[in-house]
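Some notes on the structure that comes next.
What follows is calculated from the coordinates using simple rules that are stated; it is not laboratory data. For clarity, every value in this text was computed on a predicted model and none was experimentally measured. Here the Cβ positions follow ideal geometry from the backbone for every residue, glycine too, while neighbour counts run over all protein chains shown.
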Amino acid sequence: MRIEIQSKLLVMLLAMALVTALVVGWIGYRSGTQALEQAAYQQVTQVRESRAREVASYFTGLERAVVLNSRTAENSMQAFEAGWRDLAGAQVSADQRAQVEAVYSDVLLPQLAENAGQEFTVESFLPTSDAAWYLQAHYTDPALDYDATLAVDDAGDGSVWSAAHARYHDTLREIVTQNEFEDLLLIDPDGNVVYSAYKGVDLGTNVLSGPYAGGSLEDTFRETVTSNGQDYVGLADFEPYQPLADSPTQFVMSPIQDDGLTVGVLAIQASTDRLNEVLTSGGQWQQAGFGETGETYLVGPDGTLRSTSRLLVENPEEYVDRVVAAGTPRDVAETVVRLGNPILRQSVQSPAIERALDGETGIVRTTGYRDTDVIVAYTPVDAPGLNWVIAAAVDPSEVFAPVQDFQRQLVLSIAGMLLLAAVASLLLAQVFVRPIRSLVSGVRAVSAGDLDAQVRVRTNDEVGDLAEAFNEMATSLRTKQELLEAEQAEKDRILLSLMPPAVAEQVKGGEETIAQDFQDVSVVFADLVGFAGFTSGMDSHAALEHLNELVRAFDEAAERTGVEKVRSLRNGFLASCGLVIPRVDHARRIVQFTSELTEVVAAFNARHGSDLSLRAGINVGTVTSGIVGRASVVYDLWGEAVDLAYRVHAEEPEPGIYVTDRIYDAVRDQYEFTEAGVVRSSDGEHPVWRLDERR
């Protein structure tokens, strides 16, 4: 029997392939399984670390927001404290007292009794001072509708406190809404809550001696008010808060200081929803890498949750069955479901949590609070003052699913390798398809945006001709792309010279109606007095050179002081500060900028023998910026603040720098002013001050 060498070679190759496949398969099975198991644990650990960083960042941002706002709250604190003192001995009618008592007896106490599981008497919660009775009678909503009370600016009672409220509540309300705080309190050094954004039943109470004294609120206030540090932040743990019907509440505080003296404490009530968003990625567990069963949660030193439960959110009925099976009392589980909040109620006792509370970091396989086998990665939370831990938990079957998939794929891969060895002759086809594959790779690279891609095919046939044509096409596309990018860059440069980047992006996006309101923006409206007379005998070229000399110097001053020029006129301009980039000291910067302009004009006069002068009006307030026009767009600024700045500058006959009373109040400790009369606007008369010199 004659056997061809080709058949013998095929048998040998198949035998070698079989032995190699079995050896490689066994090694791959061992090392791959171990690697995947380690990767699975690493994945859970990475989720824990990612959420831990997010939680730390959340508290850092919270602390930064509280410190920043406390630094600018001294005026409002002093105003509300003065209003509070003025209410000592304030009279409250019998009807008003009955209204306040009804808030407690008909609204608060029934909710509190249901949530706390015990009965309370109205007398133990009623206000203990005349000021508290007065404020709750005039500001607390009878149904405790907090959104309604947040919208009220003035109760119209004519009190000093209401005057302070009318002046500062809008700013404080903006802080609450922008940061999504649950409430913002101003507390005087004696512990009196002299202001509350939502005007609940804690308005007017005393955190040291009132009905809600005691616990972390009082302790954190004492530590904060005696800290003597402007950047100090007091971070309290969650605690049932009776003014909110025993809802778990967390306070963050920072001292309010004036010239180094603590005049009060700013306390914000942190949002549990924001904290839950950080831990759950906004409820998008799977998209954030938690899979079908994974979750991260926070646990406090008492072993109860400080965040929500995924099972509670996705399947409340199953949540009750699971946690009851794990040892949670049924009434507690049902209360959690009714309130939709497990904080301070759901116990999560386990060895992993105990180790984390002792400062350890690790990962273990244990039984979770849902009575299921879980893999838990744990670590302490980086938040000063809070002994919290964060845990990432996931079902082992989900974690090790890739291991089972790998084993199945390994068997299929070995079978495939043997099949490929049996048809080894198909490799000859690679000799033919190799240049075609190179061409396909080049096409894919170009389609992905790589216009520098070139195909290196040297065959002397039709495939080689096609490759050469492809390379020429790619070169042509690259040249055209470079021309288009250069043209677009020039268009972008011109657009950015006319308007702020954010507005330019909206214009490029095709928006036609672009307008935005801004709070607390300083505005200057100025013109050059005498420029027309100075250039009256010049030709247009010389006059333009002089004008550009002044405008360039004005632009340099604006860049130094952080002022944004809105538009230029032949004899003047409109500029703002705090519009594009919010600035706490926008008033000081705009005055400094205008003062530098007078120096620019003086230097110009010295060089050219001219007699130019500057007349400027400065104001601060709410403005609107936007795009005007369609065919030829113009970026402009308008509003009452701009109108008043124009009136201040236009109605003063003499050159100089004129400011409104709001600018005067902001910088009078830095500059000397003299009274310059009043200017009238739609909302009445406004005092005008003339800038003399810097102190």
Amide H proximity to Phe673 below 5 Å, modelled H, separation 5+ or other chain, gives Asp692
For the chain, with only Lys/Arg (+1) and Asp/Glu (-1) charged at the beta-carbon, what is the dipole magnitude about the Cα centre, in debye rounded to 20?
3280 debye
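How would the stretch 185-235 be classified by its alpha-carbon gyration tensor: rounded, prolate or oblate, with rounded meaning a/c under 1.5 and the a/b versus b/c comparison settling the rest? Please report the intermediate quantities before stating the final value.
Numbers: a/c = 2.02, a/b = 1.49, b/c = 1.36.
Prolate, because a/c is 1.5 or more and a/b exceeds b/c.
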Starting from the 7 Å offset along Cα-to-Cβ, what nm value, one decimal, do you get for the label separation of Ala603 and Thr366?
6.9 nm
Out of Ser196, Leu574, Leu312 - ranked by how far each Cα lies towards the positive end of the dipole of the chain, with unit charges on the beta-carbon of charged residues - the top one is Leu312
Sequence-distant residues sharing a close amide H with Thr249 (under 5 Å, placed H)
Glu239, Tyr241
Is the stretch 501-694 rounded, prolate or oblate when judged by the Cα gyration tensor, a ≥ b ≥ c being the square roots of its eigenvalues, rounded requiring a/c under 1.5 and prolate requiring a/b larger than b/c?
oblate
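May I ask you to sort Met417, Met253 by Cβ crowding, counting other Cβ atoms within 10 Å and putting the fewest first?
Values: Met417 16, Met253 25.
The most exposed by this proxy come first: Met417, Met253.
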Under the Karplus relation with 6.51, -1.76 and 1.60 and θ = phi - 60°, whole-Hz ³J(HN,Hα) for the stretch 93-99, x at Gly and Pro, equal 6, 4, 5, 5, 4, 5, 5
If contacts are Cα pairs under 8 angstrom and at least 6 residues apart, what is the relative contact order of the stretch 72-273 in percent?
22 percent
Test item: Cα-centred dipole of the stretch 519-600, Lys/Arg +1 and Asp/Glu -1 on Cβ, debye:
240 debye
Yeah, the stretch 237-287 with a ≥ b ≥ c from its alpha-carbon gyration tensor (a/c under 1.5 is rounded, else prolate when a/b outruns b/c, oblate otherwise) is oblate
Distance between modelled label sites at Leu68 and Ala143, nm, 7 Å Cα→Cβ extension:
3.6 nm
From the backbone phi of the stretch 288-294, what are the Karplus-calculated ³J(HN,Hα) couplings (6.51 cos²θ - 1.76 cosθ + 1.60, θ = phi - 60°) in whole Hz, Gly and Pro given as x?
8, x, 8, x, 7, 10, x
Virtual spin-label span in nm between Gln481 and Asp450, 7 Å along Cα→Cβ:
1.1 nm
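Sorted from fewest to most neighbouring beta carbons within 10 Å, what does the list Trp133, Trp689, Trp638, Trp161 look like? Mind showing how you got there, number by number?
Working: Trp133 20, Trp689 24, Trp638 16, Trp161 27.
Sorted ascending by nearby Cβ count, the order is Trp638, Trp133, Trp689, Trp161.
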Given charges at Cβ of Lys, Arg, Asp, Glu: the stretch 72-273 dipole, positive-most of Gln91, Ser209, Gly234
Gln91
In sequence order, what are the phi-derived ³J(HN,Hα) couplings for the stretch 147-161 according to the Karplus relation 6.51 cos²θ - 1.76 cosθ + 1.60 with θ = phi - 60°, rounded to whole Hz, with x for glycine and proline?
5, 5, 5, 5, 7, 7, 9, 8, 6, x, 8, x, 6, 4, 5
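Can you sort His169, His686 so the residue with the fewest Cβ neighbours within 10 Å comes first? Can you show the working numbers first?
Details: His169 21, His686 16.
Sorted ascending by nearby Cβ count, the order is His686, His169.
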Candidates for Cα extents along the principal axes in Å are (1) 124, 89, 40; (2) 80, 66, 46; (3) 101, 76, 61, and the calculated one carries label (1)
